[in-house]
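Some notes on the structure that comes next.
The values are calculated or read from the model by the stated rules, or taken from the named source; none is laboratory data. It should be emphasised that the depicted structure is a prediction, and the values quoted were computed from it without experimental measurement. Neighbour counts run over all protein chains shown; Cβ positions are idealised from the backbone, glycine included.
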Amino acid sequence: MKIKTLLVFVAGSAIALTITAVHYGDLQGGWSWQNIWVGPVRVTFPFFAGLLIYRLNLLVNIKFPFLLTSLLLLVVFVVPHIPRFRTNGLFDAACVILVFPLIISIGAGSQVKGKLAAACLFMGQISYPLYLLHYPFVHPYIHWVTDKKPGSTMAALVACILILSLIVGSWIILKVYDIPVRKKLARLRNPTRGQ
């Protein structure tokens with residue numbers, strides 16, 4: 001895809017994301033028939049923005065990247081959500097369109113070494129399998145905590161076991177499925193690479 005075409009997709013999906021966020025007051029949706037169209041809108045901008053960051057090599061190399069990205073996330077997370085307030089949608093859209101790509105660019109442009117590099121590599125590798133795997137377990141856990149009202153110790157223990165299980169499961173998916181499929185696709189795309 002040419003850069004100009006990619007820019008059109010990024011701009012168009014940013015507009016669609018903003019309209020959707022303002023219409024609903026947030027970006028929560030895509031899992032019921034009433035708002036199923038929100039799902040593709042939520043996915044489209046981050047996908048094309050990520051491609052644009054990669055294709056244009058939009059990396060930000062600064063000192064203390066972890067501190068800055070942590071502060072950016074902290075600011076985003078502490079802003080209160082006011083139910084049925086339209087500016088929530090603008091805030092959500094601004095985070096997705098401006099703040100999160102900046103965090104990605106800072107993270108991608110950072111240089112880490114030693115054990116921290118190994119930890120970052122591991123977390124990066126399992127991030128997509130974890131993203132796919134966690135969702136079927138989140139709602140049953142929330143339902144269990146809400147319905148059965150276990151004590152805080154039991155809820156925390158089950159949450160820790162669930163988190164560790166999801167990490168291990170994601171690692172297994174990475175090794176058994178993700179890496180082999182990526183290698184096969186790379187060989188199909190560039191047959192001389194596998195030799």
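Some points to look at:
- Cβ pairs under 7 Å, 6+ apart, first in segment 145-170 and more than 25 Å from Met123 (Cα to Cα), second among the aliphatic types (A, V, I, L, M) and surrounded by 11 or more Cβ atoms within 10 Å (Cβ to Cβ): Val145/Ala155
- In segment 29-41 there is at least one residue that is free of Cβ contacts under 8 Å to residues at least 60 places away in the same chain, in a loop (DSSP other than H, G, I, E, B) and crowded, with 16+ Cβ neighbours inside 10 Å.
- Count of segment 47-68 residues, restricted to those that are in contact with a Pro (Cβ under 8 Å, 6 or more places away or on another chain) and within 15 Å of Ala93 (Cα to Cα), is 1.
- Boolean, Ile82 is modelled with pLDDT of 95 or more, assigned by TED's automatic domain parsing to the domain that holds Leu27 and β-branched (Val, Ile, Thr): no
- When residues in segment 144-195 are screened for being outside any helix (DSSP H, G or I) and surrounded by 11 or more Cβ atoms within 10 Å (Cβ to Cβ), 1 of them pass.
- Criterion violated by Asn61 - all others in (1) in contact with a Gly (Cβ under 7 Å, 6 or more places away or on another chain); (2) in contact (Cβ under 8 Å) with a residue 60 or more places away in the chain; (3) assigned to a loop (DSSP other than H, G, I, E, B) satisfied: (2)
- The test for being in a helix (DSSP H, G or I) and either more than 18 Å from the chain's Cα centre (by Cα) or of a type in the set (Val, Ile, Thr) (or both) holds for Leu67.
- Residue in segment 146-160 that is under 23 Å from the mean Cα position of the chain (by Cα) and either modelled with pLDDT of 95 or more or not assigned by TED's automatic domain parsing to the domain that holds Leu68 (or both) present: yes
- Beta carbons closer than 6 Å, at least 6 apart along the sequence or on distinct chains, pair a first residue in segment 76-92 that is under 22 Å from Leu102 (Cβ atoms) with a second that is polar (S, T, N, Q) and modelled with pLDDT under 90 for His81/Asn88.
- Residues that are at positive phi and of a type in the set (Phe, Trp, Tyr) within segment 136-195 are absent altogether.
- Val112 fulfils the conditions (1) farther than 29 Å from Ala14 by Cβ; (2) in contact (Cβ under 8 Å) with a residue 24 or more places away in the chain; (3) not acidic (Asp, Glu); (4) not in a helix (DSSP H, G or I) except for a single criterion, (2).
- Just one of the listed residues (Ile62, Ile53) is closer than 27 Å to Leu7 by Cα and within 16 Å of the chain's Cα centre (by Cα), namely Ile53.
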